[in-house]
Each structure stands twice: as structure tokens, then as C-alpha cells.
Amino acid sequence: MSKEHSALPPGWEVRMSSKHNRPYYFNTESKESRWEPPPARDQKLGAKHILVKHEGSRRPSSWREETITRTEAEAVDMINAILQRLISKDKPERFEDIAAAESDCSSAKRGGDLGLFEPGAMQKPFEDAVLGLKVGKISGPVKTQSGVHIILRTR
Ligand SMILES: O=C(N[C@H](Cc1nc2ccccc2[nH]1)C(=O)O)c1cc2ccccc2s1
């Protein structure tokens, strides 16, 4: 079904704006309101990410390093340093360039691009972080069993 006509996600309803004389979408749980229909839950998601693994990662190895021994705290510090490089005022670096050089995920070869994926395909903390981002926005540090991520939502 096209996005406009698929069932609205839970909590959402259509209301009529008398001021603007047009329908809008209102979430009775979050009290969020928006002019465009909320994305249906079955819509594919898209993201790029930078992953820094640590000794407790599900697979503490990557194309960069045979055996990864840094601590989770060190991984968080590295992710925060990368965040500063991405948002720096004077010389921001490109997300894809940092991902290609420094991500411990095999998607590094694709500038960190994970392509499109179904809801439920990725570890829940990762998917929840993607859903919490507007398209084009970058997350703070996100922890999964794989390590610590910075996520850029692409869809
Ligand atoms: O799980 C993957 N790679 C793991 C690390 C990892 N763990 C993740 C958890 C959530 C999202 C992306 C993640 N990447 C690895 O290389 O040890 C994936 C690599 C790629 C490459 C291209 C497209 C999708 C994927 S998912």
C-alpha cells in the first residue's frame, strides 16, 4: 500500500485544523502533531554508521584490527571525538570519509552505508536510535552488542 493510505501507526489519528482548514496528524500518546502522515511502521529504513568495537563486542575483530582490546569506555571516548570532527564549525569532516577510515563494521567499505533494511532487521537499540532521528540527522553515541555507533539516518 502507498504510504498515504496504509494504517496509521498506534497512537496516531487524523484531525481537522479549523485554523488552516486542512487535516493534520496527531499522536494522542506523544502529543506530537504534524502535517504529513507519519511513516508507516512497515516502511524500510536507511542509515549510515560509524562503529567503534571494544573488548565486549559480540565480534571483537574487524577489517581494521584482528583482535580488538579497547574498553567500552575508550570506545565511547573515540566516538565522542569523532562526533566533534563531524560537527566542528571550522572544518567539518564528511561522515563517509570517517566511516571508510575508522569504522569497525564491514560497511566501512561503503562509507558506512547499511542500505535499506526492514524494521526488525537490526539490533533494537540501533533501530530505536534510527527511528528517533529525522532523515539527515546524526545520533549521539549508541550502544549495541556490536559496540558503540554514530548513526546518520538516510531514510
Ligand atoms: O552487522 C554488520 N557488521 C558487523 C558490525 C555491525 N553491527 C551492527 C549492528 C547494527 C547495525 C550495524 C551493525 N554493524 C561486523 O562487521 O562485525 C553489517 C555489515 C553490513 C554491511 C552492509 C550492509 C549491512 C550490514 S550489517
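The values are calculated or read from the model by the stated rules, or taken from the named source; none is laboratory data. Predicted, not measured: the structure shown is a model, and the values here were computed from it. With ideal geometry, Cβ positions are generated from the backbone for all residues, glycine too; neighbour counts draw on all protein chains shown. Just the protein is used for accessible areas: all its heavy atoms, side chains included, with ligands, DNA and RNA removed. Shrake-Rupley method; radii C 1.70, N 1.55, O 1.52, S 1.80 Å.
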Original post:
So which pairs qualify, if the first residue must be in the range 113-138 and within 19 Å of Ala99 (Cβ to Cβ) and polar (S, T, N, Q), the second must be near the ligand (Cβ under 9 Å from one of its atoms) and open to solvent by 70 Å² or more (accessible area, probe 1.4 Å), the Cβ gap must be under 7 Å, and the two must be at least 6 apart or on different chains?
Top reply: Gln123/Gln145
**OP:** Would you be able to tell me the number of residues in the range 112-124 that are assigned to a loop (DSSP other than H, G, I, E, B) and surrounded by fewer than 17 Cβ atoms within 10 Å (Cβ to Cβ)?
**Re:** 5
Subject >> Residue tally, condition of a type in the set (Gly, Ala, Ser), more than 8 Å from the ligand (Cβ to nearest atom) and either open to solvent by 60 Å² or more (accessible area, probe 1.4 Å) or at negative phi (or both), over the range 130-147 >> reply: 3
**OP:** Mind listing just one residue for me: the one in the range 112-139 that is farther than 18 Å from Lys53 by Cβ and of a type in the set (Gly, Ala, Ser) and, of those, nearest to the chain's Cα centre (by Cα)?
**Re:** Gly132
**OP:** Please state which of the following conditions Leu131 fails to meet, knowing it meets all the rest: (1) under 11 Å from Gly46 (Cα atoms); (2) modelled with pLDDT of 95 or more.
**Re:** (2)
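Looking at Ala108, is it within 9 Å of the ligand (Cβ to nearest atom), hydrophobic (A, V, I, L, M, F, W, C) and touching a Ser or Thr at 6+ places or on another chain (Cβ under 9 Å)? Step through it out loud before you land on a result.
Details: within 9 Å of the ligand (Cβ to nearest atom): yes; hydrophobic (A, V, I, L, M, F, W, C): yes; touching a Ser or Thr at 6+ places or on another chain (Cβ under 9 Å): yes.
Yes, satisfied.
Could you please let me know if Glu127 is charged (D, E, K, R) and open to solvent by less than 50 Å² (accessible area, probe 1.4 Å)? Show your work before the answer.
Working: charged (D, E, K, R): yes; open to solvent by less than 50 Å² (accessible area, probe 1.4 Å): yes.
Yes; evaluated as a whole, the condition is true for this residue.
When you scan the range 97-105, do you find a residue that is over 12 Å from the mean Cα position of the chain (by Cα), farther than 12 Å from Lys48 by Cβ, part of a helix (DSSP H, G or I) and not charged (D, E, K, R), even just one? Even if it seems obvious, please write down each step before you answer.
Step one: list which residues in the range 97-105 are over 12 Å from the mean Cα position of the chain (by Cα), which gives 97-105.
Right, trim to farther than 12 Å from Lys48 by Cβ and you get 101-102, 104.
From what's left, part of a helix (DSSP H, G or I): 101-102.
Still in the list and also not charged (D, E, K, R): 101.
Yes - at least one qualifying residue is present in the range 97-105.
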**OP:** Of the numbered conditions (1) within 15 Å of the ligand (Cβ to nearest atom); (2) part of a loop (DSSP other than H, G, I, E, B); (3) more than 16 Å from Arg155 (Cα to Cα), Lys91 fails exactly one; give the number of that condition.
**Re:** (1)
Subject >> Flag if Lys44 is open to solvent by 40 Å² or more (accessible area, probe 1.4 Å), touching a residue at least 12 places away in the same chain (Cβ under 8 Å) and within 16 Å of the ligand (Cβ to nearest atom) >> reply: yes
**OP:** Test Ile150 against the stated conditions and say whether it is within 12 Å of the ligand (Cβ to nearest atom), in a strand (DSSP E or B) and open to solvent by less than 30 Å² (accessible area, probe 1.4 Å).
**Re:** yes
Subject >> Among residues of the range 62-88, those that are open to solvent by 30 Å² or more (accessible area, probe 1.4 Å) and near the ligand (Cβ under 10 Å from one of its atoms), counted >> reply: 1
